[in-house]
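Student: The structure is given below, and queries will be raised subsequently.
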C-alpha cells in the first residue's frame, strides 16, 4: 500500500514538475524541446515521415493507388509540412503516377521537387523519361540539359547515357555518336544498355528509305512484289494469289465475249479494282514499314532508357 | 453465392485496438481508406495472427467493391506458420472462395486440399460444399458427390430423416445418367473434313450444318455450271473453288468450335443446376 502511494506521488511529481520543462510542443513532428537546454528530445516518431515510409512500403509492394491515397491525404492533413518532407511526398506521388503510367501527372509531381532536395536528381531523370515516353523528346532533352551534376561519376554517366537515348529517339545521329564516345561499357548499371544503344544506332543507320514509286511500279509489273521489295515477306504472295486468278477470269471473258461484253466489264472491273488497290497498297506500305521499324526501335530505346533508372534509383 | 459461401468461414471481426479505425471505416463504407488502414496494420505488426486478420479484412473490403482478383491476391500473402486452426481455416477458405469467384478452380482446390489435409474434421467438413462446387467446375462430379455425402453424414448424423432425404437428393443430382455428354472437337473437325456440315450435325447444330453444306455445295455447283454449262472454265473454277474452299476451311473450324460450345453449355447448365441445389441446401440448413 505504502509502495503504491510512493508510486502515485512520484508520477504526480513528474507530471506537474517535469511537463512544463518540455514547453514547446511541435504538433507536427511530435518532438519536445527542453526550453532551458534547447535540446530536442524525440518522444514519438514523426507522423509525416512515418506516413512517407508507409507510402514507400506500399509502392515497393506494388500498391500504387493506396500509396497515392496515403500521400494525398498527407498533403491535406498536414498542409504545412517542411520542404524536405514535401519533396518526398511529391517524389513518391510522381513515382506512383509513373508506375501507373500516368506520365503527365508524374511529371507535374516530379517537377515540384526542390533543387535542394536529395531526391532532385531522381525526379529530373524520371521526369525526363516520362517526357520521352510521351513522345515529347525536346522536353525530355531540355530537362536533362538543365541538370547540373557535380562530383558524382555515376550520375554523370547516367546523364550522358540518357541524353544519348534521347538523341537516338530524335534521330540526331551526330549527337548520339559524340555522346556515345563517353560510354565506358563497364558500369553494371547500364553497360549492357550502352551496347544495345550502339546496336540500335547501327540499325537506324542501315535502314534505307524505300521508294514508294518503285514499290508501286514493281507491284504494277508483278502484283504484290512491291511489298516484297519494301520488306514484307508473306503478304506479297497472298496478293499474287488473289490478283492472278482474277486476271485469268478477265482474260477469258475478253477472249470469249469481247471487249464490250458485260462479262468482261464486270470481271475486268473486278480485276482492275484489285490490281489498282494492290499497287496503291504497295506505295503506302513504304511508309507503313518505316513507321513499324521506328516504332519498334523507339520501344526498345525507351525500354533500355528505363532499366538503368530503376537500377540506379531503386537499389 | 457471396452471401452464403463467404460466411461459411468465420467472422473476421476483431475488437482489439489496432482494428478500431479500419473496422469503423469499413462499416461506414469508406472502403478505399479502410483498405489502406488494414494494410497499415500489416505494415506495423509483428504478430502473424493480427497480420492475417488484417489481410482477411482487407480482402473482404476488396470483395465489397467487387475486386475479387485483388481480394485473392491479398490473401495469398498470408503466412500460415503458427496460426491457430480457425484462423488458418479462415485464410485458406477465403482464398479458395475468392479464387473460385475468379474462376481459378485448380487454385481453389489446392487451398481446400490444404484444409482437408491439415485441419481437424470439424473445420474441413465445413468447407466441403465449396469443395464440391470447385470439383463440379472441373467436371469431377463423382468426387463432388462424395464430398457432399460426407458433409451430410457429418452434420445430420443424428437426424436420420433429414440425412436420408439429403442423401437421396444428392444421389439424384449427381446421377451418372445426368452427367453431360461431351462431343469430341477433333471428331467434329474430322467429320466436317469429309462430309460438309457433318461435324456441325455431330455437335448438335442442325442449322449450322445446313448452311455450311449449302454454301460448300453452291461452290461446287458454280464450278460445275461454269465448266459444263456456260463453258467459262477459268471463271467457273476460280469462283466455284474460291467459294468452296473458304466455306470448307471455315466449316471444319466452325464444327470444332461448336463441339466446344456444346461441351461448355451442357457442363454450364448441369453445374448451374448443382450450384442452385447446393446453395438451397446450405440456406435451408445453415451449416
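The values are calculated or read from the model by the stated rules, or taken from the named source; none is laboratory data. Model, not experiment: these values are computed from the prediction. As a convention, Cβ positions derive from the backbone with ideal geometry for all residues, glycine included, and neighbour counts pool all protein chains shown.
Student: Name the residue that is farthest from the other protein chains (Cβ to nearest Cβ), counting only residues in the range B:172-231 that are within 15 Å of residue B:250 (Cβ to Cβ) and in a loop (DSSP other than H, G, I, E, B).
Tutor: The qualifying residue farthest from the other protein chains (Cβ to nearest Cβ) is B:205.
Student: Shifting gears a bit: Could you check, for the range B:30-44, whether at least one of its residues is surrounded by fewer than 23 Cβ atoms within 10 Å (Cβ to Cβ) and more than 14 Å from chain A (Cβ to nearest Cβ)?
Tutor: Scanning the range B:30-44, I find no residue that is surrounded by fewer than 23 Cβ atoms within 10 Å (Cβ to Cβ) and more than 14 Å from chain A (Cβ to nearest Cβ), so the answer is no.
Student: Are there helices (runs of 4 or more DSSP H) fully within the range A:212-311 with at least 2 residues that are within 14 Å of chain B (Cβ to nearest Cβ) and surrounded by fewer than 18 Cβ atoms within 10 Å (Cβ to Cβ)? List them.
Tutor: Passing ranges, in order: A:235-257.
Student: What single numbered condition from (1) closer than 16 Å to residue A:311 by Cβ; (2) at pLDDT 95 or above fails to hold for residue A:153?
Tutor: Result: residue A:153 passes all but (2).
Student: Look at the range A:57-85 and say how many of its residues are outside any helix (DSSP H, G or I) and within 14 Å of another protein chain (Cβ to nearest Cβ).
Tutor: 3
Student: Considering only the range B:243-273, how many residues are surrounded by fewer than 16 Cβ atoms within 10 Å (Cβ to Cβ) and under 30 Å from residue A:243 (Cα atoms)?
Tutor: Summing the residues that are surrounded by fewer than 16 Cβ atoms within 10 Å (Cβ to Cβ) and under 30 Å from residue A:243 (Cα atoms) in the range B:243-273 gives 5.
Student: How many residues are farther than 17 Å from residue A:165 by Cα, loosely packed, with under 14 Cβ neighbours inside 10 Å and touching a helix residue (DSSP H, G or I) at 6+ places or on another chain (Cβ under 7 Å) if we restrict to the range A:185-211?
Tutor: Total meeting the criteria: 1.
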